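Structure first, commentary second.
The values are calculated or read from the model by the stated rules, or taken from the named source; none is laboratory data. Note that the coordinates shown come from a computational prediction; the quantities given were computed from them, not determined experimentally. We place every Cβ from the backbone using ideal geometry, glycine too, and count neighbours over all the protein chains shown. The protein model used for the area step is the full one, side chains on, heavy atoms only, and it has no ligands, DNA or RNA in it. Shrake-Rupley method; radii C 1.70, N 1.55, O 1.52, S 1.80 Å.
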Amino acid sequence: MNTASLFDFTAGEVLLVNKPIGWTSFDVVNKLRYSIKTLLGIKKIKIGHAGTLDPLATGLLIICTGGRTKDIDQFQNLDKEYSGIIRLGATTPSYDLETPISRTFGYGHISEKDILEAMSTLTGHIQQVPPPYSAIKIDGRRAYEYARKNNDVTIRPRQVTIHSFELSGCHLPDISFKVNCSKGTYIRSLANDLGTLLACGGHLVKLCREQIGSFNLQSAYELDDLLASIAGQA
């Protein structure tokens with residue numbers, strides 16, 4: 001992407017960033033906030049992201065600054081597209097690699113046809129329970145706060161829409177997938193639900209957000225390139 005153009009962060013910018021693995025979405029926002037404040041010589045700047053990505057996920061993050069922060073809610077409501085890998089035969093408490101494997105299962109009985117049928121069941125309007133390790137609020141506290149203390153809580157299911165859930169590769173125990181879904185969908189829960197339907201367990205081992213509405217990852221900055229471009233405006 002061309003990084004030579006100048007930014008007007010106060011009037012407002014919509015920045016597309018490829019979030020690195022291991023970074024939280026807030027890490028990216030905070031790093032950009034610091035760089036922009038340093039560039040402009042100011043103490044405060046409005047900046048926020050339009051949809052969290054888990055630390056172990058990569059991909060498209062929309063960052064809004066200045067006057068464009070008013071558009072964050074609009075961007076958050078857009079459909080999302082992801083690619084990734086689900087590993088069958090084991091479960092984890094977080095439904096991904098954030099926590100160690102808790103149970104293992106045989107998966108030799110699973111065929112590609114079984115996987116496709118289970119994916120079909122998880123397509124359309126479905127009731128989905130967010131993961132225990134999530135930021136969902138329960139009685140004023142985040143669900144992950146209870147989970148980290150091994151406190152059992154009830155997380156209510158909510159309706160989400162899975163427009164498509166496609167198998168793009170099958171090398172058991174790993175399956176590659178693509179999914180297009182509505183706001184509020186947890187791909188970790190989708191992985192867990194798929195493993196439950198197949199009676200072999202499953203957890204997410206790789207995730208990349210490819211698209212948000214009409215915004216796509218191919219148009220995004222690498223974070224280091226964006227930071228260098230901001231510094232170059234000084």
If the only charges are +1 at each Lys and Arg Cβ and -1 at each Asp and Glu Cβ, what is the size of the charge dipole of region 1-120 around the Cα centre, to the nearest 20 debye? 680
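For region 166-234, report the accessible area per residue in Å² (1.4 Å probe, heavy atoms, rounded to an integer).
Values: 2840 Å² over 69 residues.
That works out to 41 Å² per residue.
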Within region 62-86, what residues put their amide N at less than 11 Å from the label point 7 Å along the Cα-to-Cβ vector of H163? 78-82
The helix 112-121 Cα axis meets the longest alpha-carbon principal axis of the chain at an angle in degrees, between 0 and 90 and rounded to 10, of 70
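Is it possible to state the helix-based mean residue ellipticity at 222 nm for the chain, with each DSSP H run of 4+ residues giving -39500 (n - 2.57), the sum divided by total residues, to the nearest 500 deg cm²/dmol? What is it? Display every interim value, and only then the final one.
Numbers: 6 runs with 58 residues, N = 234.
Rounded to the nearest 500, the figure is -7000 deg cm²/dmol.
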Degrees separating the helix 187-197 axis from the principal Cα axis of the chain, which is the longest one: 10
Round to the nearest 10 and give me the degree value, 0 to 90, for the angle of helix 223-232's Cα axis relative to the longest principal axis of the chain. 0
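Using only the Cα atoms of region 150-222, build the gyration tensor, take square roots of its eigenvalues as a ≥ b ≥ c, and label the shape rounded, prolate or oblate: rounded if a/c is under 1.5, else prolate if a/b is larger than b/c, else oblate. Numbers along the way, then the final one.
Working: a/c = 1.90, a/b = 1.29, b/c = 1.47.
Judged from the Cα gyration tensor, region 150-222 comes out oblate (a/c at least 1.5, b/c at or above a/b).
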Charges at C-beta only: +1 for Lys and Arg, -1 for Asp and Glu. How large is the resulting dipole of the chain about its Cα centre, in Debye rounded to 20? 880
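With an 8 Å cut-off on Cα pairs and a minimum separation of 6 or more residues, tell me the relative contact order of the chain in percent. Could the numbers behind the result be given before it?
On the way: 481 pairs, mean separation 68.5, N = 234.
So the answer I get is 29 percent.
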How much solvent-accessible surface does V129 expose, in Å² to the nearest 10, with a 1.4 Å probe and all protein chains in place? 70
Heads up, the chain by the C-alpha gyration tensor (a ≥ b ≥ c square roots of eigenvalues; a/c under 1.5 rounded, else a/b over b/c prolate, else oblate) looks prolate
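Assuming a ≥ b ≥ c are the square roots of the Cα gyration tensor eigenvalues, decide whether region 9-72 counts as rounded (a/c under 1.5), prolate (otherwise, with a/b larger than b/c) or oblate. Mind showing how you got there, number by number?
Details: a/c = 2.58, a/b = 1.56, b/c = 1.66.
It is oblate, given that a/c is not under 1.5 and a/b is not larger than b/c.
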Specify the residue with the greatest mean-square fluctuation among N18, N30, N216, computed from a Gaussian network of the chain linking alpha-carbon atoms under 10 Å apart. N30
Magnitude of the charge dipole, region 161-234, Cβ model with Lys/Arg +1 and Asp/Glu -1, debye to 20: 240
First compute the accessible area of the chain with a 1.4 Å probe, then give the percent of it belonging to carbon and sulfur atoms. 49
